[in-house]
Amino acid sequence: MIDGARPSISKFGLGFLAHDVWNPVLNQFGAASFLFGTALTSLVALALAAPLSMGIALFLTELAPKWIQAPVTALVETLAAIPSVVIGLWGILVLGPVLRNDIEPGLHSALGWIPLFGQPQTGSNMFTAVIVLTIMILPIVSSISRELFLGVPNELKEGALGLGVTRWEMVRGVMFPYARGGVAAAMILGLGRAVGEAIAVTQVIGGFVGIQWNLFNAGDTLASRIAAEYQGAVSNLQVASLIYLALILLVFSLIVNIVAQVIVRRVARKQGLTR
Amino acid sequence: MSAQPSALMARSHGLRRRRAVNRGMEWMAWLAALIAVAILGVVVWSVARRGASELNLNLLTKSPVPFAPPNVTQGLANAFAGTLVIVGLATAMALPIGILVALYLNEFAPPSIKNGVSLTLDVLNGIPAVVIGIFVFGLLVVGHGQSGMAGAFALAVLMLPLVSRSTMEVLALVPNSLREASLGLGVPRWRTTLSIVLPQTLGGIVTGTVLAVARVAGETAPLLFTSSIVANATSWNPGHALQTVPVAIFELSESPDPADHARAWAAALVLLLFIMFASLGARWLATRTRRKLGAAR
Amino acid sequence: MTVESQPSVSLETAIKVETRRQPMPPRERLEQIFDIQDLDAIYGSKAAVKGVTMEVYKNLVTAIIGPSGCGKSTFIRCLNRMNDLIPGFRMNGSIRFQGEDITASSVDPVAVRRTIGMVFQRPNPFPKSIYDNVAWGLRVLGMKDNLDERVERALTQAALWDEVKDRLKASGLSLSGGQQQRLCIARAIAVEPDVVLMDEPASALDPIATQAIEQLMHDLKSEYSFVIVTHNMQQAARVADMTAFFSISTGGEGQRWGELVEYDATEKIFTNPSDQRTEDYVTGRFG
C-alpha cells in the first residue's frame, strides 16, 4: 500500500494531513478536511452511543427479568449483523428526510448558538452520518460492556448493597470503577469502528470538501471519500492520494485496535482470577 | 411515604432523593434498551415494507436494463449470481486456511506464538473493510483489472479472522482427556488432531463459517475496488468483475429513480433475511455444540 | 486495647473452651431487637428454611450454628433483605425489627440494609484505597461531616487503624486476608448501623485474624448488636451470648429444609441442651 501511495506521498509529504483541498482538476490533494470530518462524526457518534450502550449493558445485567435477557441480547447482536449498506439505504431514504424535515429545524432553533447545530442545509449531511454511526457502534460497545459487567464479582455488589446503598449508587461506586479499563477499551473499539465505516457514511453524508462545524451540512470522512471515488479516479495521483487516505486509516485503526485488544486481554486475565 | 417505619428511616437521610435518582437511572437503562430494540424494529420493518412489493422471481432471474422504459421488468440476477460466486470462492479460500491456523495455534503452537497470532487476528478483524479493499486493489487489481477473484480474495481476508477465532473457541472446549486418550494409544499428534479433535469441533466450525459468510455477504466496501465495474448480463466467471448484491444496493440507493430504490429495498430484504436466518441458525447450532462438548467434559 | 481479664469458665462438655462472656442478664430484662415469627425462606418452590420463631436481643452477640445445608446463611440474609437480590426468593412470616415488619413489600430494602449491616463470608473489599473503602459508604449515605474522623474511628474499632494508618491510600486489595475482613467490618460499622450481621466472617481466615475479629465483636457489642453465622462451635461458645441451633429436616419426596431446633443462652446450649439433636451436634456425634 505504501508503494501504491508513493506518488502522492512524495508529492505532498506529511503536508497532505494539513492540506484541506481535494481537487482532481488541479491535481491538488489533501486529507485535512476528511480528517476533520472523521473526527467530528465519530466523536459525536461515540458521545451518543456511550451512554446508550452503558444503559443497555446495565439493563441486560442488572435490571432485565431473566426471560427478557436472552432475547434482548440476541436482538442487540442482530443489530450488529445488519450490513452497513442496508443501514445506509435506510439512512439515505428514510432517516435522512425525517431528520432533515422534523428534527434538525427544531435542534437548530433550540440549540442554534452551538456551532454544531447550524442552519439545516441538505438532506444528506453529517448529522445523518452521526446517527447511522451511532446505530452501528451501539451493539459492539454494549455487548462488550455487558460482558464486563457480568464479570463484576457478585461479592463486590453484595458488599456495596449490604451497606444500604441503592442499586445505582452501587453501579456508580463499584461496578463502573471495576469495569473502567474494559469499558474504555470497548469505547475505543467503537470509535475505531466508526472511523473505519465507509459505506453507510458515504451513502448519507453528502460529500463536501472543507472544514466546517455545522452537522446539518454535508461533509466527508476518510473512509467515505475513499468509497465515493471508487470509480471516479481520473489520474494516477488521485488514485495514489486515495491510497494515502487508506494508509492513514490503516495506521489509525492498527493503533486503536492494538491498544484496545491489549486492554481487553489484560482485563480478561484479571477477571479470570476473580471469577 | 409516611408509612415508612421510623426506626429504619431515622438514619436514612435523603433516602427519598436517592431513591428517585436510582429510579431515574433505572428508567434510563430501560429506555436505552428499548431504543436499541426499536431501532432494529424500525430498520427491519422499513426494509420489509418497502422490499416486499418488489420481491418476486423477476428480481432473481431478470437482468437490469440501463435507461429502461418503465414497462420493462428488471431484476438483479447478475448481482445474486455474482454474490454466490464471490462469497463461495471466498469461503473456499478462507475456510481451510482459517481452520489450519486455528488448529496450529490451539494444538501445536507455543503460548507466545498463540498469543501473538491471536492478537494479530483480532487486530486484523478490526481493520476497516474499506482499507482491506484498497489493499487488495493495490495487490491484485492495479495492472490486472477488477475481477470476481480479487473480490473473493478481499472477502476471504475479512473471513479469515472470524473463522479462525470461532474455531479456536470450540477447540478450547474439547476436553484434554480425549486428546490424552488418543495419544496414550500411541496415535501420533497429527492423527489425533485430525481424527479425534477435529470431528468434535465440526458443529462449531460450521457455526463460525455460517456467521462469517453472513457477515461478508453484506460487505460492500472491499468489493467497490475489486469487483464493481460490471456488465449487466449475468456472468458466473470469476475472471471478470462481477456485480454483487451489496454493491448493487449501494449504487441503486444513490440513484434518483424511485424504481431503482424499490429494487434496492427488495435486494436488501433478501440480504437481510439471509443474514438473519444464518445468524439465528448459527446461534442455535452454537448452543447445541456447546452443550454437547460441555456434557462430554 | 487489652483483653479484659476474666476468670475463665470451663464448660463441662465434650468441647472445652474459654469464654469472655459476661454472665447474661435474665432474658426478660433484655431489649428485643428482632422478633421473628414463623419465618419461611423459599427459593422458587423450594423452602430453604421453615417455621423459624425466635427473638434477637440488643447489645448481645447471637450465634447461629448448625450443619452445612441447614439454611443458616439463608436465614441471616433474610434479616437485612439481602436475599431480595436472588430472583424467585420470597419469605413467609414476619421479622419485626424494633416493632416494624421488615419483610413487608412496602419497606425499602435499601433502608433496611442501611440500618442492618452485613459482613460476608469472603472478604470483599472494593477495588479502592483503604481510606475510600470506608469513606465511600459514608459519602454515599450523606455522612460527609468529619469524614477523616469517622474513617479513623471505624478503622480503630475494627482494630485495623495501627496497621494501616500510614498507607491509607494503598489499595484495599493489598491487605492480607484477615486485614481485608477487618476492613470490611470497618466499612460496615462506619455507617453506624444498629445491627451487624456476620455470615461466617472467619471461615476464610487464619487463627490470629479470627481472634482479632472475635475480640472486636466483644469490644463493640455495647454499641451494636451482632448476629453471627458460624460452622465453628468453639467460636460460637467463645463469642456468643445466645446461640441458635439449626438442623436439617427431611420430609416426603426427598424434601429437605432447615429449621430452628433450639435457641437459648450459649452456656445452656453447650452444657445442657434440651434437645437430643442439639446435644448430638455440640458433642460431635452428628454432622
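Here is the figure for the stretch C:154-173: residues that are touching a residue at least 12 places away in the same chain (Cβ under 8 Å) and not in a loop (DSSP other than H, G, I, E, B) total 8.
The sole residue among A:Gly106, A:Gly55, A:Gly91, A:Gly118 that is more than 10 Å from chain B (Cβ to nearest Cβ) and crowded, with 16+ Cβ neighbours inside 10 Å is A:Gly118. Given the conditions (1) at the interface with chain B (Cβ under 10 Å from one of its Cβ atoms); (2) among the aromatic types (Phe, Trp, Tyr); (3) surrounded by 24 or more Cβ atoms within 10 Å (Cβ to Cβ), report the number of the one that A:Phe127 does not fulfil. Looking at each condition in turn, A:Phe127 falls short on (1).
The residue list C:Lys144, C:Lys128 contains one member that is over 18 Å from the mean Cα position of the chain (by Cα), modelled with pLDDT of 90 or more and not hydrophobic (A, V, I, L, M, F, W, C), which is C:Lys128. For the stretch A:118-151, a residue qualifies if it is within 19 Å of the chain's Cα centre (by Cα) and of a type outside the set (A, V, I, L, M), and the qualifying residues are A:Ser124, A:Asn125, A:Phe127, A:Thr128, A:Thr134, A:Pro139, A:Ser142, A:Ser143, A:Ser145, A:Arg146.
Residues considered: C:Ser203, C:Ser225. Of these, the only one that is crowded, with 21+ Cβ neighbours inside 10 Å and within 30 Å of C:Asp280 (Cβ to Cβ) is C:Ser225. B:Gly133 meets all of the listed conditions (1) within 14 Å of chain A (Cβ to nearest Cβ); (2) touching a residue at least 24 places away in the same chain (Cβ under 8 Å); (3) more than 30 Å from A:Asp3 (Cβ to Cβ) but one, namely (3).
Those strands (runs of 3 or more DSSP E) of the stretch C:60-149 in which 1 or more residues are closer than 30 Å to C:Asp264 by Cβ and at the interface with chain A (Cβ under 9 Å from one of its Cβ atoms) occupy C:116-119. With respect to the conditions (1) of a type outside the set (Ser, Thr, Tyr); (2) more than 14 Å from chain B (Cβ to nearest Cβ); (3) over 21 Å from A:Leu40 (Cβ atoms); (4) surrounded by fewer than 19 Cβ atoms within 10 Å (Cβ to Cβ), A:Trp113 lacks only one, and its number is (3).
Can you pull out the residues in the stretch C:78-98 that are surrounded by fewer than 22 Cβ atoms within 10 Å (Cβ to Cβ), over 19 Å from C:Lys46 (Cβ atoms) and free of Cβ contacts under 8 Å to residues at least 60 places away in the same chain? Across the stretch C:78-98, the qualifying residue is only C:Ser94.
Could you check how many residues of the stretch C:158-188 are buried (at least 22 other Cβ atoms within 10 Å of the Cβ) and within 12 Å of chain A (Cβ to nearest Cβ)? Matching residues across the stretch C:158-188 total 9. I'd like the full set of residues that are in contact with a strand residue (DSSP E or B) (Cβ under 8 Å, 6 or more places away or on another chain) and more than 16 Å from A:Phe252 (Cα to Cα), limited to the stretch A:12-58. Passing the criteria: A:Phe12, A:His19, A:Val21, A:Trp22, A:Asn23, A:Gln28, A:Phe29, A:Gly30, A:Ser33.
Name the single residue, out of those in the stretch C:193-222 being of a type in the set (Asp, Glu) and either within 14 Å of another protein chain (Cβ to nearest Cβ) or under 12 Å from the mean Cα position of the chain (by Cα) (or both), that is farthest from C:Arg114 (Cα to Cα). Walk me through it before giving the result.
Within the stretch C:193-222, the first condition is being of a type in the set (Asp, Glu), and the residues that meet it are C:194, C:199-200, C:206, C:214, C:219.
Now restrict to residues that are either within 14 Å of another protein chain (Cβ to nearest Cβ) or under 12 Å from the mean Cα position of the chain (by Cα) (or both): C:194, C:199-200, C:214.
Working: C:Asp194: 9, C:Asp199: 17, C:Glu200: 20, C:Glu214: 23 Å.
Once the filter is applied, the top-ranked residue is C:Glu214.
Restricting attention to the stretch B:65-83 and to residues that are buried (at least 21 other Cβ atoms within 10 Å of the Cβ) and not in a helix (DSSP H, G or I), the residue that is modelled with the highest pLDDT turns out to be B:Leu76. Against the criterion of being at the interface with another protein chain (Cβ under 9 Å from one of its Cβ atoms), touching a Pro at 6+ places or on another chain (Cβ under 7 Å) and either at pLDDT below 85 or on the phi < 0 side of the Ramachandran plot (or both), B:Glu254 does not qualify.
Within the stretch A:68-112, being at pLDDT below 90 and not in a helix (DSSP H, G or I) holds for one residue alone: A:Gly112.
The condition of being touching a Leu at 6+ places or on another chain (Cβ under 7 Å) and over 26 Å from B:Leu31 (Cβ atoms) holds for only one of A:Gly190, A:Gly164, that being A:Gly164.
The values are calculated or read from the model by the stated rules, or taken from the named source; none is laboratory data. Just so it is clear, the structure is predicted and the values come from calculations on it, not from any experiment. Every residue, glycine as well, gets a Cβ built from its backbone with ideal geometry; the counts of neighbours run over all protein chains shown.
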